[in-house]
There are 2 protein chains.
Amino acid sequence: QIVTAVEGLFAGGPLAGVRVMVTAGPTREPLDPVRYLTNRSSGRMGFAVAAAAAEAGAQVCLVSGPVHLDTPRGVTRVDVETALQMYEAVMARAAGTDLFIATAAVADYRMAQPAERKIKKQADELPLTLVKNPDILAAVAALPDGPFTVGFAAETDDLETYAQGKLEAKGLDMIAANDVSGGRGFDVSDNALTVFWRGGSLSLPRQSKSQLARELVALIARHHGGCLPS
Amino acid sequence: QIVTAVEGLFAGGPLAGVRVMVTAGPTREPLDPVRYLTNRSSGRMGFAVAAAAAEAGAQVCLVSGPVHLDTPRGVTRVDVETALQMYEAVMARAAGTDLFIATAAVADYRMAQPAERKIKKQADELPLTLVKNPDILAAVAALPDGPFTVGFAAETDDLETYAQGKLEAKGLDMIAANDVSGGRGFDVSDNALTVFWRGGSLSLPRQSKSQLARELVALIARHHGGCLPS
């Protein structure tokens, strides 16, 4: 592993000189100063992808939501909490990025107006209205002269249909889909992915997230470099 | 510390032979298989209280929501996720408990009907209706011949008013109040508490959560044993 990293950093790995931005983890959308809406993402897959990209020689910026993970060696980390903060952190750095890998499980919705004080438990029912967050991945993919974009899709049903739909609708270059039905994929150390691009797909079998991330990064590097059969 | 623990376990600490149940951590209330509502509780205060009670000679059962903490030595741990699961775990064991210390930040509300499949991002606004969870602490305090009950109140405003109100409304024996305005008290290693009982109160100054827990447990032991000025 050390040999791989050193090769990547000093001897021209498959992403040598490429500026990579990876998003990871969940976001937290506050309801009030103590309560928030979030999701089961642990950030492990994204941190593994950031580590694998650094091993492959890339300059890696990791924009992370709140997680309990150490920053991988050689990776620059930017911590954020909400989807809006992640949007701002990513858009501020997108122009200097060649390759954008969006593994974060960004909250789709937030409270329009979080309460400034702790909401007291009074009524039997608490109605909440959530509003849509900006779509970070679609915003990056829509940039003129923007980076090569790789999305992630975590789905409980119809994995391929949704993943292919996201690839088209957001104008991505690649999408990595994983099945999260029955708690699979979240907060566990292994995972499996099916990667789709226009005209092709590849299944990466269940394995440790770090090994899976290396295979994914190798696949992205081949595609990014134009060496992938279409 | 080892000396304290050994004294507690073998030489009759202030809670020797007392059966203590502690709840700790947040709960997670699912919206769908991947999203949930939760709060900033790290569980550290509750785990410190469980450890301090075990050191003081108690038989300790710790009912914990999802946290990233190791079980304290000599403590039996029961893991739960939702408020309903915590309610069931606590009520099933309440009859065999002498002293109940409720530090958990139990979600006040849950989704009436979590979605079985991941909710798709479609509408610009997502209306949610949350319904009230059972009040675990009040339910335990209302048990005939139930345990001595100690509650916690985390408030951003009017700390004493709310804490005294909770003590009365829920029929508790003691309540420990802490100020969580500006992020204080959550996911940090130190804390301060003001403890109220009918006819008295005591402020425990800011210190490490483990030392604070020892002082709190000593205070509870004196009160539980009937040796506290009223």
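Amide hydrogen proximity for A:ALA58: with H placed 1.01 Å from N in the peptide plane, the residues at 5 or more positions away or on another chain lying under 5 Å are A:LEU15.
For segment B:206-218, backbone phi angles converted through the Karplus equation (6.51, -1.76, 1.60; θ = phi - 60°) give residue-by-residue couplings of 4, 6, 4, 4, 5, 5, 4, 4, 5, 5, 5, 5, 4 Hz, Gly and Pro being listed as x. Between copies, A:ASP158 shows label-point distances of 4.9 nm, shortest first, with the point placed 7 angstrom from Cα along Cα to C-beta. Counting Cβ atoms of other protein chains within 10 Å of each Cβ in A:14-25 and taking the mean gives 0. Taking the label point 7 Å along Cα→Cβ, A:ALA138 and its counterparts in the other copies are spaced 4.3 nm apart, in ascending order. Computed from phi, the 3J(HN,Hα) profile of segment B:134-150 under the Karplus parametrisation 6.51, -1.76, 1.60 (θ = phi - 60°) reads x, 8, 4, 5, 5, 5, 5, 5, 8, 5, x, 6, x, x, 5, 10, 10 Hz, with x in place of Gly and Pro.
Hydrodynamic estimate: the Kirkwood radius of the protein assembly as shown over Cα pairs, inserted into Stokes-Einstein at 25 °C and 0.890 mPa s, corresponds to D of 102 µm²/s. Across chain B, the volume of the C-alpha convex hull divided among the residues equals 133 Å³ per residue. Ranking of B:MET91, B:MET21 by neighbouring Cβ atoms within 10 Å, starting from the fewest: B:MET91, B:MET21.
Spatially, segment A:89-111 and segment B:77-92 are offset by 37 Å when compared through their Cα centroids. Whole Å is fine, so just give me how far the alpha carbon centre of segment B:48-62 lies from that of segment A:10-41. A separation of 38 Å, based on Cα centres.
Seen from B:ASP70, the other residues with C-beta closer than 12 Å to its C-beta sum to a net charge of +3, counting Lys and Arg as +1 and Asp and Glu as -1.
Only lysine pairs 8 or more places apart, or on different chains, with alpha-carbon atoms under 27 angstrom apart are counted in chain B, and they number 7. Considering only B:ALA50, B:ALA95, B:ALA153, the mean-square fluctuation computed in a Gaussian network model of chain B, springs between alpha carbons under 10 angstrom, is largest for B:ALA95.
Between copies, A:THR76 shows label-point distances of 5.4 nm, shortest first, with the point placed 7 angstrom from Cα along Cα to C-beta.
Look at A:ASP190, B:ASP70, A:ASP158 and count the other Cβ atoms within 10 Å of each Cβ; fewest to most, that gives B:ASP70, A:ASP158, A:ASP190. In this structure the amide hydrogen of A:VAL78, modeled in the peptide plane, comes within under 5 Å of the amide hydrogens of A:LEU62, A:VAL63, A:SER64, none closer than 5 places in sequence on its chain. Pairs of alpha carbons in segment A:21-142 separated by more than 26 Å make up 26% of all such pairs. As a proxy for reagent exposure, B:TYR87, A:TYR36 were ordered by neighbouring Cβ count within 10 angstrom, fewest first; the result is B:TYR87, A:TYR36. Taking chain B as a Gaussian network of alpha-carbon nodes connected by springs under 10 Å, the highest mean-square fluctuation of the residues B:LEU126, B:LEU172, B:LEU69 belongs to B:LEU126. Quick one: among A:VAL67, A:VAL150, A:VAL217, which has the greatest mean-square fluctuation in a GNM of chain A with alpha-carbon springs under 10 angstrom? Comparing A:VAL67, A:VAL150, A:VAL217 in a Gaussian network model of chain A, the most mobile one is A:VAL67. Counting Cβ atoms of other protein chains within 10 Å of each residue's Cβ and taking the mean over peptide A:150-159 gives 2. Angle of helix A:83-93 to the longest C-alpha principal axis of chain A, folded into 0 to 90 degrees and rounded to 10: 30°.
Where a number appears in this text, it was derived from the coordinates with a stated rule and is not lab data. Remember, it's a predicted structure, so these values are computed and weren't measured experimentally. All Cβ positions, even for glycine, are placed from backbone atoms using ideal geometry, and neighbour counts span all protein chains on display.
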